[in-house]
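*Asks:* Structure in structure tokens, see below.
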Amino acid sequence: MFRLVQQCKVRRSLRSKISTMLYKRVIPVLLLLSLFSTAAFAGAGMCSKQKSHKGGPAAKTTLASLAEDNYDIKYLKFNLSLTDTSVYVAGNVSTTAQVVASTLSTYVFELDTTLNIDSAFINGTAVTVATAGSIRIITLPSALSAGAMFTAKIYYKGLPPGGGGGFFNGITHSVSGSGTHMVFTVSDPYVAKNWWPCKQSIPDKIDSVDMFITVPRGVVDGSNGLLVNVDTSSVAGFATYHWKTNYKIDYYLISIAVAKYSQYKSYMHFSGSSDSMLVHNFFMDTATFNPAFKPRFDSLPMIIDFYSGLFGRYPFWREKYGVCYTTLPGGMEHQTMVTIGVPNTYVIAHELCHQWFGDNVTYKTWGDTWLSEGFATFSEQLFLDHFWSPAAGKAQRQSYLSSATSNVCGRLYVDDTTSSSTLFDGTTVYAKGQAVVRMLQYAAPSDSAFFRTLRDYQTTYAQGHASTADLKAIAESYYGYSLDTFFNQWVYGYGYPIYSMSWDQVGTTVYVKLIQKRSCPSRFNNHFSTYLQLQLHCATADTFIKVYNSSDTQTYVFDWVPTMTNVYLNTDIWTLLKLTNPVVHDPKLGVGMVPLKDLKIFPNPTENNWQVENVNEGVKLALYDMEGRAVWQGLTFKGGTTIPGQKLAPGSYYLRFGDMGASVQLTHW
């Protein structure tokens, strides 16, 4: 989902002798140092190409009645009559479900009170319907036991509420700038009941859906899945569109859009394959729409193929991907047929990404909405970097960084899931969400490990649901170390780190000092342990270095030949942070520092021990895991020091020197 109101919208690198990049090459640190003067060592900085934890209000279950949990929906059949000039709806919906409770004596569903039920049937037997607000209750003719299948058919009609504009109406009528009338649905998050008798439960994906929509001749309907048939002979002056999807689908992703559309069909081919897929779009065929906007949607096959290369093949490729253009102030990721009203290309890319993150893999609870919106927002910069320019992607990241840091106590995980305003908060779920995804990429040992994580996540939880913990577990399997600290501080914690920075250069030795404070100390005053990007600047060259900030005051030491004039933090916007004070050149910064110019640590990575050489005798050493736990401490010895690693778990560690905060990252296989 993309709500318009929520958006404002060749360098060389080298590795420092205390940088914290992960490497899978066994290279002595001394060799790396010999490359610093020529700045020839590439790879130290990675290049990058708003919808049970304590605190806050109780989360909404999404169910109006817990009795809805007593059955599992297998199949839906819609048979509705609509026009393009009114949200009035009439028809019937059949729900086929299986009993999952030990016994089922009442069938409970949701339907707004503005919609009148004409009749109802359970397995073909007429039944009466009791009403308690939007909760509708049917007492079954006889109780059903666990495992039993049943079909509930509800005939209803009426004028739903809130159908004249906005976003979260359920069903909306509007008129485009060119005068085209249209009616379209958006059920997210809890307004499916405004247009059909439903069960609003995320965990209950529907196995398949048949959609029969009857509209006046000349009006066209777009919906989920494949268009099976258009019947123009059964009722004079009307046409019935039959759509069918056999992919599992959540209730809020079911949609219809009716207008005097023109249909545009094409087929795309996936790279490296002869397989093709239908792209089926519905636009207004007007002089104002087509020249300006249609070409943007015509680029969809290229974006689908691009995302397929990153996340795995488009998950619904055996049916289609399509867009229904409406006046929606943003976009909504309806499965296989999104609804878009803002034809910006990054919005188009955002909604497409949802087919993977949100539709194929849906969050288990509303609290984890960031697993959908954060990833879709992150995908905007992937699109812009690839198809426009790195500068366009960076500008998008900067905009989102400004938005995320405007909420000093923003928390990514949503505790208050009772309203759309918190579920789809622009500063947290979208802006902070995309920042956390980008930081997860930066924390990876390589870009390939990050994208393998995303592809495995899609494969493991395809057509199902996943939680933050599920994503974390997959990431850990590829990263090789625990991500407890990462998720605890960035997903469940509040705010972000605020830095001040100073530097000095003595000969070819560069010192950079960082002091960290927190934006929301009243809610989260733990140190943010995080990767950071430093940019060393001189008149002729810039060098980007990836470091790990593990304490409130930390100094980094580098060997760099060029005469330094400044240092910058987070230039490529890898990390959610603020730099509040001007960077200071402090000539006293290097006084008393441990000399590390000739430092050697080898082998790195290792399967056994590390050897440390060329450090003054008696310097304190401490080895920490990525959770900040000390796993070994000792002093340096003349002639070299051995750091034991035989009993350590495979993963990443960092070695700190003395009390100055300087550190180097080590890897154990």
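None of the figures in this text is laboratory data; all of them are computed from the coordinates on show. Every value quoted in this text rests on a predicted model; they were computed, and no experiment measured them. Please note: Cβ atoms are built from the backbone with ideal geometry, for glycine as well, and neighbour counts cover all protein chains shown.
*Asks:* Given the chain, what percent of its DSSP beta bridges are antiparallel, to the nearest 5?
*Replies:* That works out to approximately 85 percent antiparallel.
*Asks:* For labels at Thr459 and Cys538 in the simple 7 Å Cα→Cβ model, what's the distance in nm?
*Replies:* Result: 4.6 nm between the two label points.
*Asks:* Turning to a different aspect of this structure: How are the Cα pair distances of the chain distributed, in percent, across 20 Å bins from 0?
*Replies:* Histogramming the chain at 20 Å steps yields 18, 44, 26, 11, 1 percent.
*Asks:* Something else now. For region 66-260, place one equal point scatterer on every Cα, skip the solvent, and apply the Debye formula. What is log10 of I(q)/I(0) at q = 0.12, 0.15 Å⁻¹?
*Replies:* Per q value, in the given order, log10 I(q)/I(0) is -0.57, -0.89.
*Asks:* If we restrict to alpha carbons, what Rg and Dmax does region 316-409 come to, in Å?
*Replies:* 14.0, 45
*Asks:* Under a plain spin-label model, where a point goes 7 Å from the Cα along Cα-to-Cβ, how far apart in nm are Ser86 and Ala391?
*Replies:* Label-label distance for Ser86 and Ala391, simple model: 5.4 nm.
*Asks:* Kirkwood hydrodynamic radius, region 147-255, all distinct C-alpha pairs: what's the number in Å?
*Replies:* 15.6 Å
*Asks:* Please list 3J(HN,Hα) in residue order for region 277-289, calculated via the Karplus relation 6.51 cos²θ - 1.76 cosθ + 1.60 where θ = phi - 60°; whole Hz, with x for glycine and proline.
*Replies:* 9, 6, 10, 10, 10, 10, 10, 7, 8, 10, 5, 7, 7
*Asks:* Scan around Val631 for amide H atoms under 5 Å from its own, H built in the peptide plane at 1.01 Å from N, and keep only partners 5 or more places away or cross-chain.
*Replies:* Leu623, Tyr624, Asp625
*Asks:* Using θ = phi - 60° and the Karplus form 6.51 cos²θ - 1.76 cosθ + 1.60, what ³J(HN,Hα) does each residue of region 81-93 get, whole Hz, x for Gly and Pro?
*Replies:* Using θ = phi - 60°, the values come out as 10, 9, 10, 8, 10, 7, 8, 4, 10, 8, x, 8, 10 Hz.
*Asks:* Between Thr288 and Ser274, what is 0.36 nm times their sequence separation minus the Cα-Cα distance? Round to one decimal in nm.
*Replies:* 1.4 nm
*Asks:* I would also like to ask the following. Going by the alpha-carbon gyration tensor, a ≥ b ≥ c the square roots of its eigenvalues, is region 499-641 rounded (a/c under 1.5) or, if a/c is not under 1.5, prolate (a/b greater than b/c) versus oblate?
*Replies:* oblate
*Asks:* How far, in nm, would the chain grow between Gln98 and Asn609 when pulled straight, counting 0.36 nm per residue and subtracting the alpha carbon separation?
*Replies:* So the chain would gain 178.1 nm between Gln98 and Asn609.
*Asks:* Which ³J(HN,Hα) values in Hz, rounded to whole numbers, follow from the phi angles of region 251-265 under the Karplus curve 6.51 cos²θ - 1.76 cosθ + 1.60, where θ = phi - 60° and Gly and Pro get x?
*Replies:* After applying 6.51 cos²θ - 1.76 cosθ + 1.60, I find 4, 7, 9, 7, 8, 9, 8, 10, 6, 7, 7, 9, 9, 10, 10 Hz.
*Asks:* Follow-up. So if each residue of separation counts as 0.36 nm, and I subtract the Cα-Cα distance between Ser399 and Ser234, what length gain in nm does that give?
*Replies:* My answer for the length gained is 54.1 nm.
*Asks:* Contact order normalised by length for region 66-260, with contacts defined as Cα pairs under 8 Å and 6 or more residues apart; what percent is it?
*Replies:* 24 percent
*Asks:* Could you work out [θ]222 nm for the chain from helices alone, using -39500 (n - 2.57) per DSSP H run of at least four and dividing by all its residues? Round to the nearest 500 deg cm²/dmol.
*Replies:* -5000 deg cm²/dmol
*Asks:* Would any residue of region 551-576 have its amide N under 19 Å from a label point 7 Å out along Cα→Cβ of Phe602? List them or say none.
*Replies:* 559
*Asks:* Once amide H atoms are placed 1.01 Å from N in the peptide plane, what residues at a sequence separation of 5 or more from Asp118, or on another chain, have their amide H within under 5 Å of its amide H?
*Replies:* Tyr155, Tyr156, Lys157
*Asks:* Based on the Cβ-Cβ distance of Lys265 and Gln633, what FRET efficiency does E = 1/(1 + (r/R0)^6) give at R0 = 51 Å, to the nearest 0.05?
*Replies:* 0.15
*Asks:* What value does region 356-417 have for Rg/Rh, both radii from Cα atoms and Rh as Kirkwood defines it?
*Replies:* Value, to two decimals: 1.05.
*Asks:* Counting alpha carbon pairs within less than 8 Å and at least 6 residues apart, what relative contact order, in whole percent, applies to region 262-302?
*Replies:* Dividing the mean separation by the residue count of region 262-302 yields 38 percent.
*Asks:* Which Rg and Dmax, in Å, describe the Cα atoms of region 69-113?
*Replies:* 14.1, 46
*Asks:* Show the residues, 5+ positions off or on another chain, whose built amide H is closer than 5 Å to the amide H of Tyr71.
*Replies:* Correct list: Val100.
*Asks:* Once you put a point 7 Å from the Cα of Phe121 and another 7 Å from the Cα of Arg318, both along the Cβ direction, what distance in nm separates them?
*Replies:* Those two pseudo-labels are separated by 3.1 nm.
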